Amino acid sequence: MVKAVRVHDIAELRGSTRTAGAYDVRVVDGAIRGITFICPCGCGREGYLPARGCGHSHEWDISGDIDCLTANPSVQFVGGCLWHGWLKSGEWVAV
């Protein structure tokens, strides 16, 4: 399990120490539209989870307090580290 740590701008982590599990929330008109995150395994890869209703082919239901989110379905990197797991109540949990 890795604590999901909210940062205010994920771009600040680019090119520097990339904290595993860090995430930034994209909010538009008061609604969560997606999450940019650093892979919880520690490989440093960056991913994006668009929220349901954004018009992407793959979307996630994102719920909870902005500092303690849950996302469904599970998250899986294709290629690279192949990390697979869940964001549940502010923690990244590997399958």
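Distant-in-sequence amide contacts of TRP60, defined by a placed amide H-H separation under 5 Å and a gap of 5 or more residues or a different chain, comprise ALA51, ARG52.
Extension gain, VAL95 to SER57, is 11.4 nm, computed as 0.36 nm per intervening residue step minus the present C-alpha separation.
Evaluate the charge dipole of the chain about its Cα centre and quote only its size in Debye, nearest 20, assuming +1 on the Cβ of each Lys and Arg and -1 on the Cβ of each Asp and Glu. Each step should come with its number before you reach the end.
Values: 9 positive and 10 negative charges, 46 e Å.
I would put it at about 220 debye.
When the chain is treated as a Gaussian network with alpha carbon springs shorter than 10 Å, the biggest mean-square fluctuation among GLU46, GLU12, GLU59 belongs to GLU12.
3J(HN,Hα) along the stretch 3-10, derived from phi through the Karplus expression 6.51 cos²θ - 1.76 cosθ + 1.60 where θ = phi - 60°, amounts to 5, 7, 9, 6, 10, 7, 7, 4 Hz, with x in place of Gly and Pro.
Using the Karplus relation 6.51 cos²θ - 1.76 cosθ + 1.60 with θ = phi - 60°, the per-residue 3J(HN,Hα) values for the stretch 88-93 come to 10, 6, x, 9, 8, 10 Hz, with x marking Gly and Pro. Residues whose amide H comes within less than 5 Å of that of GLU91, counting only those at least five positions distant or on another chain, are ALA4 (H built at 1.01 Å from N in the peptide plane). Going from the residue with the fewest nearby Cβ atoms within 10 Å to the one with the most, VAL28, VAL93 rank VAL28, VAL93.
Can you tell me the FRET efficiency between ASP65 and GLU12 if r is taken as the Cβ-Cβ distance and R0 is 25 Å, rounded to the nearest 0.05?
Details: r = 22 Å, r/R0 = 0.88.
Working from the Cβ atoms, E equals 0.70.
Averaging sequence separations of C-alpha pairs under 8 Å and six or more residues apart, then dividing by the length of the chain, give the relative contact order as a whole percent. Intermediate values should be presented prior to the final figure.
Values: 199 pairs, mean separation 21.5, N = 95.
Reported relative contact order: 23 percent.
Model label sites at SER74 and VAL28, defined 7 Å from Cα along the beta-carbon direction, differ in position by 3.0 nm.
Coordinate-derived values only; no laboratory data. Owing to the predicted nature of the structure, the values given are computational and were not obtained by experimental measurement. Cβ sites come from the backbone with ideal geometry, for glycine too, and all protein chains shown count toward neighbours.
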